[in-house]
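Report on the following structure.
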Amino acid sequence: MKIITTPADFIAWRNENQQSLGFVPTMGALHLGHEELLKNARANNELVALSIFVNPTQFNDKKDLQNYPKTWEQDLEIAKKNGVDVIFYPDFESIYPDNYSYIISENDKSKVLCGASRPGHFDGVLTIVLKLLNILKPNRAYFGEKDFQQLSLIRGMVAAFFIPVEIIPVAIVREFDGLALSSRNVHLSDEGRKIAPKIYEIIKSAKNIDEAKKQLEDLGFKIDYLEEIWGRRLVAIFTNLTKTGNELRLIDNVEI
Ligand code: PAF
């Protein structure tokens, strides 16, 4: 498994390795959800690339960026186990030579839901994903449906800019009790971890949005948003039931 740290080196590698490439972009802290993306990539491409880059431009909250879990050794094991051929692991300077003065911005879908509560978040996501697609030139790129708004915005960007890549959505992977896998789940306290699966249970079974909101609030969750849009019921909640007592934001969605 090769590890490449600069855009120039990756571009050179890709020129020499022109087989079909499946790409899984991540910010590390890999879990079973990422493994599912890697498995899909492995099954349908000759080569598999994984990127690990905690992208600061998509964090509107500095604390959230500082607290983002880093598990490099474990990530390497997971990558090896899933047959990754090459890891792209750039630093900020190499991937933002412009110091983020050029920005991809979407003016409609990115302003609601997660975009409304995390200003600038999707500008950062779209900008880094465009950079990664331009450097890696994959045939297919894999994104989880858990970040459903992110997935639809990336699809929209790929169509808008005629980027020659197929975006493959992968269904949400859940814990045995229904909690959607997320790198942020490690921050939940024991009590938080016990009630967090209720988020999925409630959005799946409530008759309507008002009922779901009430049930979530009765459990002590603070609702960021709960909406039905794009054929999905999407939710973001805040909880203080964390190991540090700091507020944690969790998202989930179900098809309607
Ligand atoms: O979903 C993520 O992990 C990130 O938003 C992504 C797509 C890797 C961009 O930094």
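Report yes if some residue within region 76-90 is free of Cβ contacts under 8 Å to residues at least 24 places away in the same chain, at positive phi, surrounded by fewer than 21 Cβ atoms within 10 Å (Cβ to Cβ) and in contact with a helix residue (DSSP H, G or I) (Cβ under 9 Å, 6 or more places away or on another chain); otherwise report no.
no
Can you confirm whether residue 119 is assigned to a loop (DSSP other than H, G, I, E, B), within 18 Å of the chain's Cα centre (by Cα), over 17 Å from residue 5 (Cα atoms) and in contact (Cβ under 8 Å) with a residue 40 or more places away in the chain?
Here the answer is yes, as residue 119 does meet what is asked.
When you check residue 48 against the structure, is it within 29 Å of residue 99 (Cβ to Cβ), surrounded by 14 or more Cβ atoms within 10 Å (Cβ to Cβ) and within 16 Å of the ligand (Cβ to nearest atom), yes or no?
So residue 48 does not fit the description; no.
If we scan region 170-191, do we find a residue that is away from the ligand (no atom under 15 Å from the Cβ), open to solvent by less than 50 Å² (accessible area, probe 1.4 Å) and in contact with a Phe, Trp or Tyr (Cβ under 6 Å, 6 or more places away or on another chain)?
yes
Name the one entry in 194, 131, 198 that is part of a helix (DSSP H, G or I) and within 13 Å of the ligand (Cβ to nearest atom).
131
Going by the structure shown, is residue 63 in a helix (DSSP H, G or I), surrounded by fewer than 19 Cβ atoms within 10 Å (Cβ to Cβ), at pLDDT below 95 and not polar (S, T, N, Q)?
In short, yes.
Of all residues in region 104-116 being in a loop (DSSP other than H, G, I, E, B) and more than 16 Å from the chain's Cα centre (by Cα), which is farthest from residue 8 (Cα to Cα)? Explain how you work it out, then say what you get.
Of the residues in region 104-116, the ones in a loop (DSSP other than H, G, I, E, B) are 104-108, 112-113.
Adding the requirement that they be more than 16 Å from the chain's Cα centre (by Cα) leaves 104-108, 112.
Numbers: 104: 22, 105: 25, 106: 28, 107: 31, 108: 34, 112: 36 Å.
Once the filter is applied, the top-ranked residue is 112.
Please determine, by comparing only the residues of region 102-128 that are hydroxyl-bearing (Ser, Thr, Tyr) and more than 14 Å from the ligand (Cβ to nearest atom), which one is most open to solvent (accessible area, probe 1.4 Å).
Just the residues of region 102-128 that are hydroxyl-bearing (Ser, Thr, Tyr), to begin with: 102, 105, 110, 117, 127.
Of the ones still in play, those that are also more than 14 Å from the ligand (Cβ to nearest atom) are 102, 105, 117.
Values: 102: 168, 105: 65, 117: 43 Å².
Among those residues, the one meeting the criterion is 102.
Restricting region 134-158 to residues that are away from the ligand (no atom under 11 Å from the Cβ) and β-branched (Val, Ile, Thr), which is farthest from residue 11 (Cα to Cα)?
158
In the list 92, 23, 53, 88, which residue meets the criterion of being modelled with pLDDT of 95 or more, within 13 Å of the ligand (Cβ to nearest atom), in contact with a Pro (Cβ under 9 Å, 6 or more places away or on another chain) and more than 20 Å from residue 143 (Cβ to Cβ)?
Being modelled with pLDDT of 95 or more, within 13 Å of the ligand (Cβ to nearest atom), in contact with a Pro (Cβ under 9 Å, 6 or more places away or on another chain) and more than 20 Å from residue 143 (Cβ to Cβ) holds for just one of 92, 23, 53, 88, which is 92.
Return only the number of the condition from (1) open to solvent by less than 60 Å² (accessible area, probe 1.4 Å); (2) at pLDDT 95 or above; (3) of a type in the set (Phe, Trp, Tyr) that residue 72 does not satisfy.
Evaluating residue 72 over (1) open to solvent by less than 60 Å² (accessible area, probe 1.4 Å); (2) at pLDDT 95 or above; (3) of a type in the set (Phe, Trp, Tyr) leaves (1) as the failure.
The values are calculated or read from the model by the stated rules, or taken from the named source; none is laboratory data. Keep in mind the model is a prediction, meaning the values are calculated, not measured. Note that each Cβ is placed from the backbone with ideal geometry, even for glycine, and that neighbours are counted across all protein chains shown. Please note that ligands, DNA and RNA were not included when accessible areas were found on the heavy atoms of the full protein model with its side chains. Shrake-Rupley method; radii C 1.70, N 1.55, O 1.52, S 1.80 Å.
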